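Here is the structure we will look at, set down as structure tokens.
The values are calculated or read from the model by the stated rules, or taken from the named source; none is laboratory data. Quick caveat, the model's predicted, so the values are computed rather than measured. Cβ placement follows ideal geometry from the backbone for every residue including glycine, while neighbour counts extend to all protein chains displayed.
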4 protein chains.
Amino acid sequence: VAGWLDALLDARTRLAAVRERLAAQLGGAAGTLAGFGGRGPEALEAYAAGLGLAEPPLPWHAHRGRVAELAAALQQTAGTAAKIALDVILLAQSEVAEVAEAAGGASSTMPQKQNPAGSAIARACARLASANASLLAGGLEHEHERAAGAWQAEWPALTAALAYMGGAVAAVRGVLDGLRVDEERMRRNLDAAGGAVLAERLVFLLTPRIGREQALRSVRDALASPAGLRDALLADPAAGLEPEELDEALDPATAMGAATALVDRALARHRGGDAR
Amino acid sequence: VAGWLDALLDARTRLAAVRERLAAQLGGAAGTLAGFGGRGPEALEAYAAGLGLAEPPLPWHAHRGRVAELAAALQQTAGTAAKIALDVILLAQSEVAEVAEAAGGASSTMPQKQNPAGSAIARACARLASANASLLAGGLEHEHERAAGAWQAEWPALTAALAYMGGAVAAVRGVLDGLRVDEERMRRNLDAAGGAVLAERLVFLLTPRIGREQALRSVRDALASPAGLRDALLADPAAGLEPEELDEALDPATAMGAATALVDRALARHRGGDAR
Amino acid sequence: VAGWLDALLDARTRLAAVRERLAAQLGGAAGTLAGFGGRGPEALEAYAAGLGLAEPPLPWHAHRGRVAELAAALQQTAGTAAKIALDVILLAQSEVAEVAEAAGGASSTMPQKQNPAGSAIARACARLASANASLLAGGLEHEHERAAGAWQAEWPALTAALAYMGGAVAAVRGVLDGLRVDEERMRRNLDAAGGAVLAERLVFLLTPRIGREQALRSVRDALASPAGLRDALLADPAAGLEPEELDEALDPATAMGAATALVDRALARHRGGDAR
Amino acid sequence: VAGWLDALLDARTRLAAVRERLAAQLGGAAGTLAGFGGRGPEALEAYAAGLGLAEPPLPWHAHRGRVAELAAALQQTAGTAAKIALDVILLAQSEVAEVAEAAGGASSTMPQKQNPAGSAIARACARLASANASLLAGGLEHEHERAAGAWQAEWPALTAALAYMGGAVAAVRGVLDGLRVDEERMRRNLDAAGGAVLAERLVFLLTPRIGREQALRSVRDALASPAGLRDALLADPAAGLEPEELDEALDPATAMGAATALVDRALARHRGGDAR
């Protein structure tokens, strides 16, 4: 979840950077501001200020990089929302069931089923935002000063990319506001894995003592043993482990690495308004 | 051409911004830096410094926004190169012929033809860069901590996007280094248009005097007249124009609007290293 | 798995149809076969026959529909392979574990892990095939008789789309040839669902007797009851079910619908060489 | 224009083939038709017949190849319309001016300008159709039986792809119905090229006599000569051409190659309802 937060802060940072660079476009028929007599640059400055947009060095009707840059930021934001939504969808599937949406959609014929409806909306919106953004991203290569048709295609595509990006983010917000987390089930899923998630740690513990080759072999054999991982490893003379150190290594609560520190970093970034 | 320069400076600015945000990725099997004992964050810092990349708040293997952001900058840079190349291609076509590549490719059966070979390479590279960048842009939505296959698809796509972007830009540089500009032909093309490019200006001149409706009608009729635009307008009592003011309005050299000032702005941005 | 087979047969059908329509291209500088004197059409016919390709009504260098059609068939075939690969990947994840690749890749630090390596390759190849096919699909809109650069971009993209499509299909074939299916685990996963997968069936059974509204309520309550679905339903007077009919309804083996007939249809299509 | 016709017939052929393969989808919650008792396949047959769609071997909710195939046909049809529209746009530009739309859009400030408005609409629609079709083309890789969100994204995308494809084709029809062709200008453009378009023919004429190397050199030199192509070639002893044969070679009317026969082939295909 700290990863979700960090990715959302990245998306916000990108949108803010693009917002700052968005510049007004004013040029007249030939892009020379000729219609304004000698006061073209002045008009451009006032026009940009009036719109609350940056003043561009030049009229840019023939160079759609700014539109593509905005589109990319929308696509990345929508994609971030889709990633979170897909995580929720897969963690909510019956066989995993570690999270559930508070307001999941009811299935019309399956009474027990709470579909992750908010996540589905987020993901559908993100795909539609992305498809429309792709059109804009591909619009830089166009002929002459203003490609007939290319320009007109940008309008509905930009509108759709903006609207669907907003839809994706709003839906994910709804999902996260009420997400139910089943810690007990998480622990059960961990236990059902029979220590397998700690196998990497055991290999790291044994490698300095017995070499990587043998460490991998001992752990693999123990995982496959009917005696269970713990008892098989204790009985393995090659491993040579004491019960205390093994039990500590097998306690998931001591296997968090730098998780807490990393979560704190994400929270600090969020609270500090850090827009790295 | 000032527009080309400005668009290239935009692309460079975007690449520089992405370059600054590019962060190292180090996390270990579960993204918790567990393999480094208590020294995970320290290891991350040293690793990033060693690579000359930013230190990320968190490991980001599951959130491919940074890859997508890089891909978008590559796509926009390639697209900028493609836009310039297409301008050259269309300005070099026989019926326009205002520019030519210095080292155009010889046609195998048509001796007179100098194909705009550098521009064609730029454009082909840009399309290939864009296709590969699209794959990366679509990679944010992926399942769990590391989507099997999605990650592996990124490697050749990123390599190709980088290489083809570089190819597009290098080819455009070659084109621009030796571009031949035919000013005489430009003037001939303008003259062949029979004053039509100045029609907007004439409408602006007449509108305050005789109203927009009548101004449009007078200029349209004069353009269609067998007498030619100048004589037809002089003979039009509704227009009421003196020969001197008409001749001034019909001189393209006085119809540059703010073109010179705008070119200066682009050059100033270039020289000042302004990376707006 | 019958669905996989049917989708693969669809892909094969599409490829065969495209293969049949693929036509030779021969036109000369202006697309008029002028270089062959009066024998242009004759040359075109012989040329197509020599290549084992269809003879087109006209030279088609300026109309890339055939290339786009081939690209679409490659993309659809690669996508079909990716769908199967993703099914295998998700069914092989620890919490589901209903299938495993015979020759999964070993993890470098996690001894117990058999990564679905073949499926990952299939999926990575499919994405790369699709990105390259997209370039080709977008190539119809191009300027004049032969867009400079557009044509050159097609060559590496077509080569890559063909190669990666082949890679995706070959990898899936490897996966399917040795796929290990864990029927016991499938049954355990079904049982762990506590009858939930049969809920729809129970609603269909009850609706004619007690109305849809009440049927949905009875089944939902029984699913949530600590007594378990079976006992709770038996104890529900609104449901009014006899033990025998309930036990039959709760036996997954009797809940196959038309599955067997449908599998037979897929096999018949496969055996009959039906290329519907 | 025969090429346009042939490409449109290709597009129609592809749409017809897809239309024929479009199959009804009916499966129920698990894709087994279980809700229909023993009469699932019967229900499927009746349902398909009722919809006027093909009966599929299996329910195909999890395999979106049919949707992708339809999307590809829409994209190819829209792309064909865009190609024609872009040809019209570029042939209508002031410097070429060989065609004009009958009902071009008036420019708001440039009275002489008839924008190729129908072609612009066709092209804009085609790009929007293509972007939406791309979403559908990428939908094959999705998780499990029915990817949450992926399915919902298909609805608006399919609707938009159908509508915009129709818009593109309708706009092109409008353009072609009233296209004005300026044969005189075509001839003037040819003449302005100073025989350059016949250079290939001259090389073919000379090569058997004086070798390819010398043929290319003679023609290139003559094209660059201030005397003009004809006189320079006559004066070139290496070429050794008689005035009569040179004049014949320089007459565009005799340089049509198989153009007439090819046009007849396109018309025959159109009239015969040939859907090759």
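One table, with the values for the structure above:
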item	result
Any hit, the range C:5-23, residues being under 30 Å from D:Glu200 (Cα atoms) and touching a residue at least 12 places away in the same chain (Cβ under 8 Å)	yes
The range C:177-190 - residue that is surrounded by 15 or more Cβ atoms within 10 Å (Cβ to Cβ) and assigned to a loop (DSSP other than H, G, I, E, B) and, of those, nearest to the chain's Cα centre (by Cα)	C:Leu179
Which listed residue is in contact (Cβ under 8 Å) with a residue 60 or more places away in the chain and either out of contact with any Leu (no Cβ under 7 Å at 6 or more places or on another chain) or not in a helix (DSSP H, G or I) (or both), from A:Gly174, A:Gly118	A:Gly174
Options C:Arg201, C:Arg230, C:Arg271, C:Arg212; residue that is closer than 22 Å to C:Val1 by Cβ and either of a type in the set (D, E, K, R) or free of Cβ contacts under 8 Å to residues at least 60 places away in the same chain (or both)	C:Arg271
Hits in the range B:242-276 (condition: modelled with pLDDT under 90, within 25 Å of B:Ala215 (Cα to Cα) and in a loop (DSSP other than H, G, I, E, B))	B:Leu250, B:Asp251, B:Ala255, B:Met256, B:Gly257
Sole exception among (1) closer than 27 Å to B:Leu162 by Cβ; (2) at pLDDT below 95; (3) not aliphatic (A, V, I, L, M) for B:Pro56, by number	(2)
Matching helices (runs of 4 or more DSSP H) fully within the range D:1-94 where at least 1 residues are closer than 29 Å to D:Ala148 by Cα and at the interface with chain C (Cβ under 7 Å from one of its Cβ atoms)	D:40-51, D:65-92
Flag if B:Ala148 is assigned to a loop (DSSP other than H, G, I, E, B), surrounded by fewer than 19 Cβ atoms within 10 Å (Cβ to Cβ) and either touching a Leu at 6+ places or on another chain (Cβ under 9 Å) or more than 9 Å from every other protein chain (Cβ to nearest Cβ) (or both)	no
Residue identified as surrounded by fewer than 23 Cβ atoms within 10 Å (Cβ to Cβ), more than 21 Å from C:Asp6 (Cα to Cα) and hydroxyl-bearing (Ser, Thr, Tyr) among D:Thr32, D:Thr13	D:Thr13
Condition check for D:Ala170: at pLDDT 95 or above and more than 30 Å from A:Val175 (Cα to Cα)	yes
Residue ID - farthest from D:Arg123 (Cα to Cα), chosen from residues in the range C:124-144 that are within 11 Å of chain B (Cβ to nearest Cβ) and assigned to a loop (DSSP other than H, G, I, E, B)	C:His144
Evaluation of A:Thr207 against (1) more than 24 Å from B:Glu42 (Cβ to Cβ); (2) among the polar types (S, T, N, Q); (3) surrounded by fewer than 20 Cβ atoms within 10 Å (Cβ to Cβ) (one fails), failing number	(1)
Residue match in the range A:116-136 (condition: surrounded by fewer than 18 Cβ atoms within 10 Å (Cβ to Cβ) and either of a type in the set (Lys, Arg) or at positive phi (or both))	no
Test: residue in the range C:38-57 that is crowded, with 22+ Cβ neighbours inside 10 Å, of a type in the set (D, E, K, R) and more than 20 Å from the chain's Cα centre (by Cα)	no
Unmet criterion (only one of (1) free of Cβ contacts under 8 Å to residues at least 60 places away in the same chain; (2) surrounded by fewer than 16 Cβ atoms within 10 Å (Cβ to Cβ)) for A:Asp236	(2)
Of all residues making up the range C:61-97, the number that are closer than 30 Å to A:Ala192 by Cβ and buried (at least 24 other Cβ atoms within 10 Å of the Cβ)	7
Residue that is nearest to C:Val96 (Cα to Cα) [pool: residues in the range A:186-198 that are within 7 Å of another protein chain (Cβ to nearest Cβ) and in contact (Cβ under 8 Å) with a residue 24 or more places away in the chain]	A:Asn189
Criterion (within 35 Å of the chain's Cα centre (by Cα) and aliphatic (A, V, I, L, M)) met by exactly one of A:Ala196, A:Ala222, A:Ala232	A:Ala196
Tally of residues being surrounded by fewer than 23 Cβ atoms within 10 Å (Cβ to Cβ) and either within 12 Å of chain D (Cβ to nearest Cβ) or outside any helix (DSSP H, G or I) (or both) across the range A:161-170	2
Test set (1) without any contact (Cβ under 8 Å) to a residue 24 or more places away in the chain; (2) within 11 Å of another protein chain (Cβ to nearest Cβ) - A:Glu183 fails condition number	(2)
